[in-house]
Structure formats: C-alpha cells, structure tokens
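Colleague: First the structure, which I've put down as structure tokens, then a few questions once you've had a look.
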Amino acid sequence: MPTVAQQTHMHVGVDYYPEHWPRARWETDAKLMKKAGFNTVRLAEFAWVKMEPEEGKYDFEWLDDALAVLGKQGISAILGTPTAVMPAWMAHKYPETLLTNKGGDRAVWGVRKNNCFTSGAYRLLSDRITLAMAEHYRDNKSVIGWQTDNEFHGGGQACYCHTCRAEFQEWLRKKYGDIASLNQQWGAHFWGHLYREWSEIQLPVDTSGHNPGACLDWHRFASWTNVRFQADQVRILRQHCPKHFITHNLMGLFKELDSFDLAKDLDFASWDNYPVWGDQPELSHSSALAADLIRGLKKKNFWIMEQTAGPCGWGTFARNPRPGEIRTVSYQQLAHGADGQIWFRWRTCTAGREQYWHGLLGHDGKALRRYDEAAQVAKEYHRLWPLLEGTTVKSDVAFIYDYDSLWVTMFQKSFNGNDYQASLLRWYKALSRAGVNADVVSSGADLSSYRLVFAPNLHVLPDALATRLLAYVAAGGVLLCDCRTGVKTESNLCWDRTLPGALAPVLGIEIEEYGALDNNQEFSIEGESELPGSFNIHQYVDYVTPKSAQALARHTAWFLESFAAVTRNAYKKGSGWYVGVISKDDAFYAAVTEKLLADAGIKPVVRPPPEVEVSIRQGKNSKLLFVINHSENKKTVKVPKAKLELLSGVMTTDTLELDRFGVAVIQLR
Ligand code: GLA
Ligand code: ZN
C-alpha cells in the first residue's frame, strides 16, 4: 500500500454541497468556513449525475470551480466516489443495476443505496466514474483524499436478484470445494435440506426460518460484496492518485457490515456520529464504544466524517444539541483518537429528504450559535494539535468484537433480550465509569499486549480462537467470558461439547444446563467475601459447576442453589473469569470490573463521577487527559494536581470544576 504523507495539522471542516446553492453564495460560504478555522470539506459523494450527466460524458467544471473558490480560502477537499446514488439515466437504461428485494421485486429508483453490488453494469459504471474522477483530480492541489461511496451497506439492504444468487453459489463453491462438505458444514441433513448441486442453493431470505449456516454465510457474502466493490474503486484510486489518502465513512456500531474487512483496504477509517437520539448516559457510552471500534479497525486514529451539527432527522427531528453539546460530542471523539472532524452538514438544505437534518447553518444561511460553537472547537483543536500530533489511545484492556457472534445472535438470540452489542456495553460502561480506556479488536487480533480481555457473548468459538485465548491466559492475561460463550462452530452448528467447550481448561467450569428466565422473572445472587453484595439477575442463567474454579458469587433461587454465578480460575500465569448471569444492576458489573482490574494490575489515573468520561491520548512527546462532562449539571472531578489544563491555561489543583457539557484537557506530560 502506498504511504500517505504524515498528517501535519488537525483537519476540521464540514460536509459541503456546493451543487445545492447558487454559485454567488460559494465565496460567502468559503469565507465563513475560513473564519471558523475550517480547513477541510468533503464534497461530491452524491453528485454522480452532476459529474456524468449522460453515460460516458463527464462534467467536472462545477466541481473544479467549487474547489477553486474553497482553495482560495485555504480549504482542502476530500472527494467522495459518488456511487451511493445512481443517476436516473442508469436505472432507466440498465434496470438490473437496481437491487431486487426479498419478494423478487426490483427497487424503485428515487432513494439511495439501492444498487445491486453484483451487477456487472453497476460495477463497470462505478469503475468508470472512479477512473474519470481520479484522472481529473490527481494533480488538483485542493484534493487531499477520497471517501469511497457513502456508508456501505447503508439501510442494511441486501439484493436478492439472480446474479446475486449465482455469485453466492460461486462464493460457496470456492469456500467449500464440494457440495458434500457444504451439506456437512450447514447441517443440511436437517429437514432433508441436502443439496446435490450448487445451483440448487437458494438465498436464505428469512433469517428466522432458513438454515442457520446458510444465514451466516449469506451475511458474510453480502458484506463481502460491499468490500469487493470498494476494492475495485481503491485499486483505481491507488493507481492514479498515489499521493491521496483513501477512507470510508463507516456507521459505528452498524451491524450488517464486517467493518474490519472493509477497513483493510483503507489508509484510515472514518465514521459518522450522531449521538442525539436517545438518552444519556447510554448515548455517550455507545459513541465511545463505536469510536474505540473504529480505532480498532486499523489500530490507528480515525476521522469523524459526519459529526452532529444540529437537530437530526428526515421526517421528525431529534433534539437540538444543547449549548456546549456540539463541542462535547466532538471532544469525546478527539479523546478516543479522532484526527479529523467534519460536521454534517454545512448548511441545512431546502430541498430533498434531508430538509430537517440540520447543519451548522440553518436554511437561512446565517452563521449563528451552532456555527460559533464549531468555530470554537476548530480553533481549540488547532491550538492543541502540536501536543496531539502522534498521540493515540494506548490501552491495557481489549474487547473482542466478533461479527460472527454478532450475526448468529441476530438470527437466533437464544433468549429474549439477548443482543451482542448490549452484552459488550454492560462491561464497557463499567470500565468507562472506572476511568479506564479500552481497545476494541477483532477475534483474530494479537492479544499479547493486553492485561485484560473482555470476550462477552463469544457465541461462535472456532478451535483456533479458543487455542489463542488459552495461550493468552497461560501467558498471564486475565480473560472475562460470559453467557453463551462457545455455543457455536464457525459454520453455525452447535458444538457437540459440554459448555464452555474448548475454553473449559481456562475457565475451570462445566455448564451442563442453562435456561432462559421468563419475562419479568428476577432472582438474586449473593457474592462471596471477595465480591460482597446481593445482585438481581434476569433473562438467562448458566448452571455453572466450578471444577478447578473458585465461586465468587452463588445463586439463591432454590433450583440454582448448587450453582455458581461468577467464577475465577487460575490458569498457568493468568486467570479465566466466567459470569453465567445477566444482571440488571450496574453495580454488579462495576464490582466485577473492579476485581478484574485489580487482578490485571490496572489502576485508573482518574475515577470520574457519573456522566463524566475520561480518556487518555499519549505519544512520544505528550500525554493528554481528557475530562468530558456529558451532563447538564456541573461536576467536580478529582484529577492529578499541578498539571496544565490546556484550554484554560490554568494549573490544576486536585479538584477540577466542569461546567455543564464542560471539557478539560490536562497535560500529564
Ligand atoms: C448519513 C449519510 C449522510 C446523511 C445523513 C443524514 O450519515 O451519510 O449522507 O444522509 O446520514 O441522513
Ligand atoms: Zn443483485
């Protein structure tokens, strides 16, 4: 992969659509951007028809002019390959480029993200527009990089057309080699679903009824068609624009796309962050988890390609970010490793579906409160850059994020309320409240640098992964597993082993039975001396028998009395923990997390009060502690004293007062 020049400054700016506004306005916009301290825009990701109004006829004049107007104010651009929306002429001329829905009907043109990724016509036309743009912009001084398409797999729609089916069959043939092996891996003997030929294979349209192995492979395939489509564009861009970076705006915790796979071809990952729907503190935790996942994709800092700039929504809009909140939301991402910050969007559009998805400027184009707040952030970021440069989050703790486990629990939850991401968030929240940063890594990642690894709900457990987890603990690591660990094979068959299967040696337990707890049923568990307290449990329970493990909490319900709820097992130099319950109490996860941190020898620098988040970025030359108040109340935080708080320029005493939505950046070194 060609190297991309080292980032020399903080990139801050907006998603901008000059094609929505009269040319006479462009200069005003560019000047206002410059005044705000913006230096970067993303352009053109939905402008295919403007650039190719007729097949093979390209028109870049308008975009050249826009780049020139922006360039005059010192603003650089990231260009989007415009393949998220096909021109009307394309759908008309090549109807097979439109995706086919489950019922066999073709999508009606007029929305976006409605193409088929196996359509030869679509792939060819995508290559051509990418090539035309790459050739045209390779030497344009204003262009610094590319965003491929927009939010791959957006809408989560897959295509069910006959080309997709034929390609799926071919993909399976390459994977399994012979049909007997596919029959075996899918367990196709069940209900007499054995295949004799590849061409008999159907698309599993109903993931709650079709064969679970078929559903998993179908998800892998559908994700891969996006990855392959991107790879075609990347190949062209790399060849013609070796000096430009390539990224993509992922959707954080979006479930259908294997983001690790998609990010492989990128220089760095980006994501779109809109934490204004829902309630605090849950919102801030899931945005932080998403940030750590996006950083984990390439183990590298990332960009925010779309950041909340105002009330968001298509039909109805969410709340207007409170004064200070645009800044808080931005700083949270900076604190987790964002090196680029682009607000969506510059000015609220007067036309189209996103009339109510508000930008920094309103419909009237006036630069008011939200603009001022973003400008303040931009200016602060530029001031901080010399200390931020080269820093990232360095963590002793990792979460395993496994798309196979995520997907199979979408088709078969196991029990009501089970959700893969929720099971990560329970632990992530507890860790974040304890003031400790985490990395989020794939199940294939090297774990040796971590002292503590959380692997919640690791439903799919191939032997190779179990072996690596064993080796990790043997070498001194602390591993936390919980409910439904090791249930499935890589092809989504149930293992024919007593749970927790291949992890039994490291966890030192046996689970002969388990059960869902009916809705609203709650039981309690009692901690032993090391984990004092009584905690409520619900939803599900593993009947855990400790073998070599020590029980740290036990059940009180009469039918569970002989079983453990929490166990710890010493295994070679490390320890394997198992939590066979789901608790309603945050205090439970906090208590277990404290013990895990102690076992792993990890001490937080700051223990933040509720709704305050801390995160540390560090590098060769500096170590910065971010303290972020996500609430509308003032907060007092105990921090290291006699350190410089960079935003105020004041030295810390041992307590820090944060205003509502207040932020502090403390230079630890
Ligand atoms: C996504 C897209 C943007 C815009 C926003 C708001 O994040 O990438 O183009 O549509 O949603 O709907
Ligand atoms: Zn298709």
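Colleague: Among the strands (runs of 3 or more DSSP E) confined wholly to the stretch 614-668, which include 3 or more residues that are hydrophobic (A, V, I, L, M, F, W, C) and touching a residue at least 60 places away in the same chain (Cβ under 8 Å)?
Modeller: In the stretch 614-668, the matching strands (runs of 3 or more DSSP E) lie at 623-629.
Colleague: While we're here: Is there a residue being assigned to a helix (DSSP H, G or I) and over 27 Å from residue 268 (Cβ atoms) anywhere in the stretch 393-408?
Modeller: Our first condition is that a residue be assigned to a helix (DSSP H, G or I); within the stretch 393-408, this holds for 403-408.
Retained after the next criterion (residues that are over 27 Å from residue 268 (Cβ atoms)): 408.
Looking for residues that are assigned to a helix (DSSP H, G or I) and over 27 Å from residue 268 (Cβ atoms), one finds at least one in the stretch 393-408, hence yes.
Colleague: Moving on. Would you please list the contacts, defined by Cβ atoms under 8 Å and residues six or more apart or on different chains, that run from a residue in the stretch 24-41 that is touching a residue at least 60 places away in the same chain (Cβ under 8 Å) to a residue that is open to solvent by less than 30 Å² (accessible area, probe 1.4 Å) and of a type in the set (Asp, Glu)?
Modeller: Qualifying pairs under 8 Å: 41/15.
Conditions tested, residue by residue: (1) more than 16 Å from ligand 1 (Cβ to nearest atom); (2) open to solvent by less than 10 Å² (accessible area, probe 1.4 Å); (3) assigned to a loop (DSSP other than H, G, I, E, B); (4) more than 25 Å from residue 487 (Cα to Cα).
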{"position": "160", "(1), (2), (3), (4)": "yes, no, yes, yes"}
{"position": "184", "(1), (2), (3), (4)": "yes, no, no, no"}
{"position": "199", "(1), (2), (3), (4)": "yes, no, no, yes"}
{"position": "207", "(1), (2), (3), (4)": "yes, no, yes, no"}
{"position": "229", "(1), (2), (3), (4)": "yes, yes, no, yes"}
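Colleague: Right, next: Can you tell me which of 91, 107 is away from ligand 2 (no atom under 12 Å from the Cβ) and in contact with a Leu (Cβ under 6 Å, 6 or more places away or on another chain)? Explain how you work it out, then say what you get.
Modeller: Working: 107 fails: away from ligand 2 (no atom under 12 Å from the Cβ).
Just one listed residue meets the conditions, 91.
Colleague: Tell me the residue from 173, 165 that is surrounded by fewer than 18 Cβ atoms within 10 Å (Cβ to Cβ) and within 16 Å of ligand 2 (Cβ to nearest atom), please.
Modeller: Details: 173 fails: within 16 Å of ligand 2 (Cβ to nearest atom).
The conditions single out 165.
Colleague: Pull up the stretch 32-90, narrow it to residues that are more than 16 Å from residue 342 (Cβ to Cβ), among the aromatic types (Phe, Trp, Tyr) and part of a loop (DSSP other than H, G, I, E, B), then point me to the one that is least open to solvent (accessible area, probe 1.4 Å).
Modeller: Among those residues, the one meeting the criterion is 60.
Colleague: State whether one or more residues within the stretch 188-196 are among the small types (Gly, Ala, Ser), away from ligand 1 (no atom under 16 Å from the Cβ), surrounded by 18 or more Cβ atoms within 10 Å (Cβ to Cβ) and modelled with pLDDT of 95 or more.
Modeller: yes
Colleague: For the stretch 306-350, enumerate the residues that are open to solvent by 10 Å² or more (accessible area, probe 1.4 Å) and more than 15 Å from ligand 1 (Cβ to nearest atom).
Modeller: 319, 320, 322, 323, 324, 327, 339, 350
Colleague: A further question on this structure: Name the strands (runs of 3 or more DSSP E) wholly inside the stretch 469-545 in which the number of residues that are crowded, with 21+ Cβ neighbours inside 10 Å and not charged (D, E, K, R) is 2 or more.
Modeller: Here the list reads 478-482, 509-516.
Colleague: Restricting to the stretch 127-152, count the residues that are within 16 Å of ligand 1 (Cβ to nearest atom) and either part of a loop (DSSP other than H, G, I, E, B) or at pLDDT below 95 (or both).
Modeller: Counting residues in the stretch 127-152 that are within 16 Å of ligand 1 (Cβ to nearest atom) and either part of a loop (DSSP other than H, G, I, E, B) or at pLDDT below 95 (or both) gives 5.
Colleague: So, one more: Could you figure out which of (1) under 27 Å from residue 229 (Cβ atoms); (2) within 14 Å of ligand 1 (Cβ to nearest atom); (3) more than 16 Å from the chain's Cα centre (by Cα); (4) not β-branched (Val, Ile, Thr) isn't true of residue 265?
Modeller: Here residue 265 clears every test but (2).
Colleague: Which ones in the stretch 128-158 are under 24 Å from residue 256 (Cβ atoms) and either open to solvent by less than 50 Å² (accessible area, probe 1.4 Å) or away from ligand 2 (no atom under 15 Å from the Cβ) (or both)?
Modeller: The answer is 130, 146, 147, 148, 149, 150, 151, 152, 153, 154, 156, 158.
Colleague: Still on this structure, please answer the following. Would you mind finding the one in 97, 81 that is more than 28 Å from the chain's Cα centre (by Cα) and not acidic (Asp, Glu)?
Modeller: 97
Colleague: Has the stretch 572-583 got any residue that is over 30 Å from residue 467 (Cα atoms) and either assigned to a helix (DSSP H, G or I) or not acidic (Asp, Glu) (or both)?
Modeller: no
Colleague: Given the conditions (1) at pLDDT below 95; (2) within 16 Å of ligand 2 (Cβ to nearest atom), and given that residue 278 satisfies all but one, which numbered condition is not satisfied?
Modeller: Looking at each condition in turn, residue 278 falls short on (2).
Colleague: Right, another one. Are there any pairs, at least 6 apart or on different chains, whose C-beta atoms fall under 7 Å, with the first in the stretch 167-185 and in contact (Cβ under 8 Å) with a residue 60 or more places away in the chain and the second not in a loop (DSSP other than H, G, I, E, B), and if so, which?
Modeller: So the pair list comes out as 185/176; 185/213.
The values are calculated or read from the model by the stated rules, or taken from the named source; none is laboratory data. Predicted model only: the values in this text are computed from it and were never measured. No Cβ is skipped: glycine too gets one built from the backbone with ideal geometry, and neighbour counts run over all protein chains shown. Areas reflect the complete protein model, heavy atoms only, side chains present, ligands, DNA and RNA absent. Shrake-Rupley method; radii C 1.70, N 1.55, O 1.52, S 1.80 Å.
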